[in-house]
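What follows is a short report on a single structure.
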Amino acid sequence: MTIRVLIADDQMMVREGFSVLLGAMPDIEVVGEAVNGRDAVYRVRELSPDVVLMDIRMPEMNGIEATREIVAADGGAKVLVLTTFDLDEYVYQALRAGASGFLLKDSGPTLLAEAVRAAAVGDSLVSPSVTVRLLKHVTAETERAAGAEAPRAREPLTDRELDVVKLVALGHTNAEIAASMFVSLSTVKTHLGSIQLKLAARNRVEIAAWAWRTGLAGDRS
């Protein structure tokens, strides 16, 4: 299956660079580019990409607003947020808007391709070196500033589900979780489906954020 990608960034050189890198991958096709968030929303409707690489800071409509509109439209496109700084003040807002993952613009072609492939199958990249640290920092700062308590699960999570949540929050993929827990990949996916329902989480990034907000991610017991 070829993964259809839309690149949204207001800098032409960035768009061209990502287009060249991804175009060299046999399983990825860049189907279009967008110069701002409003253009990205329009192009998603027009081209129906599988994954959108979304810059945050863009004119007319920023990446957060565009992500919110794309996710709300529920057309199936996954949004992978691009950021220059791993502690970008807008990243938490993007997560809340429904972004499926995060990637630094200087991550390199291998990680870029891995993130796109992960997002396409709903196994969004939560990099231990980037996103987990970002989630931990931004979530803590946001909750402290708001003085809000972390939301409670609709139903209690089982011990096995809590184990899965911890591993997701630490950046493990489904395959790594399966190997760590000595279970099948389908069992991990079943656990994740149940966890999403109980936490009202749209994706694994929101699961990871919940784990950091509740302190579960830092609990090694």
Report the residue count in segment 182-194 for those that are farther than 17 Å from Val121 by Cβ and either of a type in the set (Phe, Trp, Tyr) or in contact (Cβ under 8 Å) with a residue 24 or more places away in the chain (or both).
-> 2
Across segment 13-50, which residue is farthest from Leu80 (Cα to Cα) among those that are touching a helix residue (DSSP H, G or I) at 6+ places or on another chain (Cβ under 7 Å) and outside any helix (DSSP H, G or I)?
-> Met25
For segment 125-146, does any single residue satisfy the condition of being under 24 Å from Leu47 (Cα atoms) and modelled with pLDDT of 85 or more?
-> no
Return the residue satisfying two criteria in turn: it lies in segment 61-77 and is free of Cβ contacts under 8 Å to residues at least 60 places away in the same chain and under 15 Å from the mean Cα position of the chain (by Cα), and of such residues it is nearest to Ala99 (Cα to Cα).
-> Thr67
Just checking, which of Met12, Met58, Met1 is surrounded by fewer than 16 Cβ atoms within 10 Å (Cβ to Cβ) and either in contact (Cβ under 8 Å) with a residue 24 or more places away in the chain or acidic (Asp, Glu) (or both)?
-> Met1
Of the residues that make up segment 35-48, is at least one over 21 Å from Arg202 (Cβ atoms), in contact (Cβ under 8 Å) with a residue 24 or more places away in the chain, surrounded by fewer than 21 Cβ atoms within 10 Å (Cβ to Cβ) and in contact with a His (Cβ under 8 Å, 6 or more places away or on another chain)?
-> no
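The values are calculated or read from the model by the stated rules, or taken from the named source; none is laboratory data. Keep in mind that what you see is a predicted model, and the values were worked out from it rather than measured. In this analysis, Cβ positions are derived from the backbone assuming ideal geometry, glycine residues included, and neighbour counts consider all displayed protein chains.
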